[in-house]
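Here the structure is laid out as structure tokens; the discussion comes afterwards.
The values are calculated or read from the model by the stated rules, or taken from the named source; none is laboratory data. Please read all numbers here as calculations on a predicted model, not as lab measurements. No Cβ is skipped: glycine too gets one built from the backbone with ideal geometry, and neighbour counts run over all protein chains shown. Heads up: the accessible areas ignore ligands, DNA and RNA and are worked out on the full protein's heavy atoms, side chains in. Shrake-Rupley method; radii C 1.70, N 1.55, O 1.52, S 1.80 Å.
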Amino acid sequence: MPVASVRTELLLLAVAIAGVSLSAPLIAATAAPALAIAFWRNAMAVGALTPVALLRRRHRAELRGIGRRTALLAVAAGALLAVHFGVWLPSLQMTSVASSTALVTTTPIWTTLLLRLRGHRPPALVWAGTALAFLGVLTLTGVDMSLSPRALAGDALALAGGIAAAGYVLLGAEVRRTVGTVAYTYVCYTTTTVLLLAACLCGGVSLGGYSGETWLKLAVLTVAAQLLGHSLINRVVKGLGPSVTSTAILLETPGAALIAALWLGQEPPAVAYPALAVIMAGLALVIMGGRRKDAVAPESGV
């Protein structure tokens, strides 16, 4: 790839990381129920994708050509994404943005474990990174336990969100072998939106009556994290490769923590910083080791 093209891809990746880093602090600052935020984030994204997916001939043909098995996998991926959002977003209202983001981005750890259950044999470096990251997770969980049981529950929800995202990644990787980004994303996000809508209706969650400021934040969240962040990550992964892209996604944790500290005044205890560093170091080792076995890399963030 020419140097100029590499620079362009890296610039787009930097914009994408900035977009997903804004996600957690913006969600924490939005005055709406967590499930409603999750629903509107996906519903607005589907609304924005509909003209692209249905009006362009190439994408319409691709949607019509999706086989039954592939379509079911895409729907299953959307269901897991709904679980991911459904448990992670509430955690942001129960624990700190730094802790929640660090725990939800443990997705590569769970991806590695699921791959092992499927018969893959990750190299020793991957297992070492997994153990190191778990040490960081335990340290960080201990930090929140010292603060309140509510924060610990928020940590558990964020961790569950990371596990659900791992299943989403694996199913999405399978679908993406034969289906393009737009078609897959459209089917997946539509499924996620429908399931989250059902959850909101069953739970009696208010989907309207918000202030203009809240609607503005929901729109910014959709554009920055869901469309701009995720779409650009999917755009650059082909040129830069999954290793570079996945490693860069880990920057969401310190990015979200920095934005939360500057904007929301959420300063984690000093002991949380080493825990975050350990988690990121472990995740980096997981990805580095996974390069030797073509480990699956996440195509989308929180």
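Structure notes:
- Residue (of T111, A153, L54) at the positive-pole extreme of segment 51-159, dipole from beta-carbon charges: L54
- Rounded, prolate or oblate (a/c below 1.5 giving rounded, otherwise prolate when a/b exceeds b/c) for segment 1-107 by Cα gyration tensor: oblate
- Annotation: per residue accessible area for segment 147-214 equals 42 Å², rounded to a whole number [probe 1.4 Å, protein chains only].
- Of L135, L159, L117, L170, the residue with the largest accessible area leads and the full order is L117, L135, L159, L170 (1.4 Å probe).
- Heavy-atom surface of segment 25-78, accessible at 1.4 Å and reported per residue (Å²): 49 Å²
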